[in-house]
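**Student:** My structure is below; once you've seen it, I'll send some questions.
No value in this document is a laboratory result; all are computed from the given coordinates. None of these values were measured; they are calculated from a predicted model. Cβ coordinates were reconstructed from backbone atoms using ideal geometry, including for glycine residues, and neighbour counts include every protein chain displayed.
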Amino acid sequence: MPEPQADAQAELMAEAFGFYAENILTRDHFEAVLEARLDARFAAQDAKFEGRFGKLEKTMLLHTWMLGILVVVLVIPQLQAWLA
């Protein structure tokens with residue numbers, strides 16, 4: 001094989017192997033990328049749940065106050081009438 005042809009083939013092989021060497025996925029890299037993606041998804045889910053639970057807590061606080069007012073307005077006068 002002539003030397004220029006061998007040099008051209010060597011350069012092409014080096015370029016091809018260099019491309020694949022840069023794209024090799026190692027187990028450590030895969031685990032790091034997967035863990036980062038999972039952490040991001042869990043953080044998004046946590047934020048979503050925090051928003052929903054915040055609304056529910058406000059609603060429960062409102063209902064608690066409403067029930068308290070009902071007890072004061074309706075139940076206590078009825079108890080006073082029964083015990084008087």
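**Student:** Ignoring everything except DSSP H segments at least 4 long, calculate the 222 nm mean residue ellipticity for the chain; use -39,500 (n - 2.57) per segment, divide by total residues, nearest 500.
**Tutor:** So the calculated ellipticity at 222 nm is -30000 deg cm²/dmol.
**Student:** Compute the Rg/Rh shape ratio of the chain: radius of gyration over Kirkwood radius, all on alpha-carbon atoms.
**Tutor:** 1.76
**Student:** Moving to a separate point now. Of 69, 24, how do they rank once you tally other Cβ atoms within 10 Å and put the fewest first?
**Tutor:** 24, 69
**Student:** For each of 82, 65, count neighbouring Cβ atoms within 10 Å of the residue's Cβ, then give the residues from fewest to most.
**Tutor:** Ranked by crowding around the Cβ, least crowded first: 82, 65.
**Student:** To the nearest 20 Debye, how big is the dipole of the chain about its Cα centre, given +1 on the beta carbon of each Lys and Arg and -1 on that of each Asp and Glu?
**Tutor:** For this selection, approximately 1300 debye.
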